[in-house]
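Asks: Sharing a structure, written as structure tokens. Questions coming.
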Amino acid sequence: MSGMDRREAVEVLLANRRDLVVVTGLGSPAYDAFAAGDHDRNLYLWGAMGGAIPLGLGLALARRDVPVLVLTGDGEALMGLGALATAGAKRPANLTIAVLDNGHYGETGMQASHTAMGADLAGVAKAVGFAWTETVSALAGIEAVRPHLEARQGLGFLRLVVAAGEPPRALPPRDGHRLKHRLRVALGQDAT
Amino acid sequence: MERWQDDIFQAMLEARIEQVGYVPDAGHKAVIRACEADPGIEATVLTTEEEGIPLLVGAYLGGQRGVLLMQSSGVGNCINLLGLPQLMGVPLPMLVTMRGEWAEFNGWQVPMGQATRPVLEAMGVIVYRADRADEVGEIVQGAFEQAFNAECAVAVLLGQKLIGRKRW
């Protein structure tokens, strides 16, 4: 699967963000988001594989006034495939799921994933009731779709076709308590 | 609604619960219906119980308190994700209706039913249990207090004797 450089893709996706909260799946998407610039509204998961989409859903339902982006990989999304159906059932207009799809499990030795064998995650999202789905394989396409992320006008799914390269690791903070406090404060909640 | 189910729902209202994640179970039926009917509660049906843990972590990050409702078989589906509330210090109250114990007809429910408490405890969840209708309210209330004040994962097992024999 050829595709965009994942670091460039995430940098363009998150450029000029305003109120966006970014929840990342574990592994490369977390590194990519951190490499694009750490932010008080970033929450990096280092485990809980399959949990990024439902975490973003719970946050989006709690704060309809805040745009929420889940940035994850094809392997993490596949592990929690049912969560797409749960999100599709609730349809919060302020939630976008973006999957960096390289067709491989990058963290564990580049084994091929189901998306390399024909599984179509954007098709799944469409089938379970997402308001919009896009597949983008060029940076210009990301710029075109970027305004949707903060628009809060419909549950969205964005498939970003990226190359199966391994950029140098950029390691975000790992302390879960710190990340919790940081995001809650950024959203105007009490620290605990 | 049975009295003890109403006690659960009242405890949820007192604890200012705003999100509920659930996989349906007959023992939770009345509470689920009450949650779905309450405009102040966002009730989310899950495809698997493990979704409920990050769902409620996300809710808490957004300033809302949540409760997860499931049957004992669902605890097995949650194991890895139960690390999340512990790692982040996020409250996670769970109400678990038991199968595979007193008066169980279906042997297929027994292995996970018997493993429910040790599995929860192995993942650092504090476990309480209610077997009598008149103790449910107080136990659930205290479990919510502990979860939200001490920011930890707390489960209440609702015994099969409390729920009653399933009719086959």
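The values are calculated or read from the model by the stated rules, or taken from the named source; none is laboratory data. Model, not experiment: these values are computed from the prediction. Cβ sites come from the backbone with ideal geometry, for glycine too, and all protein chains shown count toward neighbours. Only protein heavy atoms, including side chains, enter the accessible area calculation; ligands, DNA and RNA are left aside. Shrake-Rupley method; radii C 1.70, N 1.55, O 1.52, S 1.80 Å.
Asks: Please go through (1) within 14 Å of chain A (Cβ to nearest Cβ); (2) open to solvent by less than 10 Å² (accessible area, probe 1.4 Å); (3) among the aliphatic types (A, V, I, L, M) for B:Leu87 and return the number of the only condition it doesn't satisfy.
Replies: (2)
Asks: Taking the residues in the stretch B:10-35 that are part of a helix (DSSP H, G or I) and open to solvent by 60 Å² or more (accessible area, probe 1.4 Å) as candidates, determine which candidate is modelled with the lowest pLDDT.
Replies: Per the criteria, the residue is B:Ala26.
Asks: Go through (1) open to solvent by 10 Å² or more (accessible area, probe 1.4 Å); (2) closer than 25 Å to A:Ala164 by Cα for A:Arg18 and report which single condition fails.
Replies: If we test A:Arg18 against (1) open to solvent by 10 Å² or more (accessible area, probe 1.4 Å); (2) closer than 25 Å to A:Ala164 by Cα, just (2) comes out false.
Asks: Follow-up. When only residues in the stretch B:60-72 that are surrounded by fewer than 24 Cβ atoms within 10 Å (Cβ to Cβ) and touching a residue at least 24 places away in the same chain (Cβ under 8 Å) count, which is farthest from the other protein chains (Cβ to nearest Cβ)?
Replies: B:Arg65
Asks: Further, regarding this structure: Pick from A:Ala30, A:Ala48, A:Ala52, A:Ala9: which is closer than 16 Å to A:His148 by Cβ and at pLDDT 95 or above?
Replies: A:Ala9
Asks: Suppose we filter the stretch B:23-42 for residues that are within 14 Å of chain A (Cβ to nearest Cβ) and of a type in the set (A, V, I, L, M); how many remain?
Replies: Matching residues across the stretch B:23-42 total 2.
Asks: Looking at A:Thr96 and the list (1) assigned to a helix (DSSP H, G or I); (2) buried (at least 21 other Cβ atoms within 10 Å of the Cβ), which single condition is not satisfied?
Replies: (1)
Asks: A follow-up question, please. Among the listed residues B:Val45, B:Val57, B:Val75, which satisfies the condition of being surrounded by 24 or more Cβ atoms within 10 Å (Cβ to Cβ) and facing chain A (nearest Cβ under 7 Å)?
Replies: After applying the criteria, what remains is B:Val57.
Asks: Assess whether A:Gly58 counts as being under 26 Å from A:His177 (Cβ atoms), over 14 Å from the mean Cα position of the chain (by Cα) and of a type outside the set (Phe, Trp, Tyr).
Replies: yes
Asks: I need the full set of residues from the stretch B:105-137 which are surrounded by fewer than 13 Cβ atoms within 10 Å (Cβ to Cβ), acidic (Asp, Glu) and closer than 25 Å to B:Asp7 by Cα, in order please.
Replies: B:Asp134
Asks: B:Gly89: under 25 Å from A:Arg41 (Cα atoms) and touching a strand residue (DSSP E or B) at 6+ places or on another chain (Cβ under 6 Å), yes or no?
Replies: no
Asks: Testing A:Phe157 on (1) open to solvent by less than 20 Å² (accessible area, probe 1.4 Å); (2) outside any helix (DSSP H, G or I); (3) touching a Leu at 6+ places or on another chain (Cβ under 7 Å), one condition comes back false. Which one is that?
Replies: (3)
Asks: Among the residues of the stretch A:120-154, which ones are out of contact with any helix residue (DSSP H, G or I) (no Cβ under 7 Å at 6 or more places or on another chain), touching a residue at least 40 places away in the same chain (Cβ under 8 Å) and not in a helix (DSSP H, G or I)?
Replies: Once the filter is applied, which keeps residues that are out of contact with any helix residue (DSSP H, G or I) (no Cβ under 7 Å at 6 or more places or on another chain), touching a residue at least 40 places away in the same chain (Cβ under 8 Å) and not in a helix (DSSP H, G or I), the stretch A:120-154 yields A:Ala131, A:Ser137, A:Ala138, A:Arg152, A:Gln153, A:Gly154.
Conditions (1) open to solvent by 10 Å² or more (accessible area, probe 1.4 Å); (2) in contact with a strand residue (DSSP E or B) (Cβ under 9 Å, 6 or more places away or on another chain); (3) closer than 24 Å to B:Gln19 by Cα, marked per residue:
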position: A:Gly51; (1), (2), (3): no, no, yes
position: A:Leu55; (1), (2), (3): no, yes, yes
position: A:Leu59; (1), (2), (3): no, yes, yes
position: A:Val70; (1), (2), (3): no, yes, yes
position: A:Met79; (1), (2), (3): yes, no, yes
position: A:Ala85; (1), (2), (3): yes, no, yes
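Asks: A:Leu183 - would you say it is open to solvent by less than 10 Å² (accessible area, probe 1.4 Å), more than 10 Å from every other protein chain (Cβ to nearest Cβ) and aliphatic (A, V, I, L, M)?
Replies: Judged against the criteria, A:Leu183 is not a match.
Asks: Among the residues of the stretch A:58-79, count how many are facing chain B (nearest Cβ under 7 Å) and touching a Leu at 6+ places or on another chain (Cβ under 6 Å).
Replies: Within the stretch A:58-79, residues that are facing chain B (nearest Cβ under 7 Å) and touching a Leu at 6+ places or on another chain (Cβ under 6 Å) number 2.
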